[in-house]
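Single-structure report; data block below.
The values are calculated or read from the model by the stated rules, or taken from the named source; none is laboratory data. The shown structure was predicted, so the numbers you read here are calculated from the model rather than taken from an experiment. Note that we place each Cβ from the backbone using ideal geometry, even for glycine, and neighbour counts take in every protein chain shown. We work out accessible area using only protein heavy atoms, side chains counted, and drop any ligands, DNA or RNA first. Shrake-Rupley method; radii C 1.70, N 1.55, O 1.52, S 1.80 Å.
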Amino acid sequence: MKIEEPAAFTSGSRLLRETVYEQIRADILSLKLAPGTEMREAELAARFNVSKSPVRDALMRLERESLVITLPRQGYRVAPVSLSDVQDMFHLRAALERACMERIVRQASDEQLASLEPFRKFERDAWEGGFIDYNRAFHRKLAEIAGNPRMRDQLNNLIDQMERVVLMSVNRVTQGSGNTSVLVDEHCHIIDMLQQRQVKRAERLAEQHIAAAGKRVSEAISRSIIAA
């Protein structure tokens, strides 16, 4: 798959390294670099027209994020997506989002709760990346208005890391087995319970929402393993 080249890099060393890191990370999360794809420092350096140093730094950072694995004497590879790892991520995400529900109900202002209203409908033209962008923005908004910066950062990082597995399963939502209106309805029910400050019901709905997403992703991964 051909990957579009990034815009010209600035000469600033720190910004250069950050740009290389962000571009490779974005390619992994968007599946432009699929799980299992081999990556070599020399090839990446040539692609970005930089030395190997910023590429090596970027790959080391991505390895710490579990997005890249090192192959001794061979180079690097985009980390594969394992069923057990996906299940662990969804288990953690369910716990974090449940905690967000409690914080929002107890501490969010009426104005913050009202800021969830735009997420009651999904208009494809309003989101450059389609439903994926809409869904990501909704869950990031929940993390934001929960009012716990540490929890927000943990959840947003997890959402980023899970984006590629969500992309792997998005066709299951939009084709054949359902459509995005079901997920938007789930968002609306969560918003209703938050605005009514029904903490237990909001927590239960959030858990069910994440569990359903986890099931779709697990089924998609299982099918891909069988197909391989």
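In table form, for the structure just shown:
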item	result
Any helices (runs of 4 or more DSSP H) falling wholly within region 37-154 and containing at least 2 residues that are within 27 Å of A220 (Cα to Cα) and at pLDDT 95 or above	83-107, 131-145
Condition met for L31 (out of contact with any Gly (no Cβ under 7 Å at 6 or more places or on another chain), closer than 25 Å to N157 by Cβ and open to solvent by less than 20 Å² (accessible area, probe 1.4 Å))	no
Candidate set: region 20-36, residues that are assigned to a helix (DSSP H, G or I) and touching a residue at least 12 places away in the same chain (Cβ under 8 Å); chosen: the one nearest to L167 (Cα to Cα)	L29
Q107 being under 14 Å from the mean Cα position of the chain (by Cα), open to solvent by 70 Å² or more (accessible area, probe 1.4 Å) and at negative phi	no
Complete set of residues in region 143-161 that are open to solvent by 50 Å² or more (accessible area, probe 1.4 Å), out of contact with any Lys or Arg (no Cβ under 7 Å at 6 or more places or on another chain) and of a type in the set (D, E)	D153
Residues (more than 13 Å from the chain's Cα centre (by Cα), of a type outside the set (A, V, I, L, M) and open to solvent by 50 Å² or more (accessible area, probe 1.4 Å)) located in region 114-142	E117, P118, R120, K121, E123, R124, D125, W127, E128
Index of the failed condition, V170 passing every other in (1) modelled with pLDDT under 80; (2) over 23 Å from G129 (Cα atoms); (3) under 17 Å from the mean Cα position of the chain (by Cα); (4) not acidic (D, E)	(2)
Counted residues, region 50-76 - those being in contact with a Ser or Thr (Cβ under 7 Å, 6 or more places away or on another chain) and open to solvent by 70 Å² or more (accessible area, probe 1.4 Å)	1
Yes/no for S222 being at pLDDT below 95 and either hydrophobic (A, V, I, L, M, F, W, C) or surrounded by fewer than 15 Cβ atoms within 10 Å (Cβ to Cβ) (or both)	yes
Top-ranked residue of region 71-109 - restricted to ones that are in contact with a Gly (Cβ under 7 Å, 6 or more places away or on another chain) and without any contact (Cβ under 8 Å) to a residue 60 or more places away in the chain, ranked as farthest from A42 (Cα to Cα)	Q107
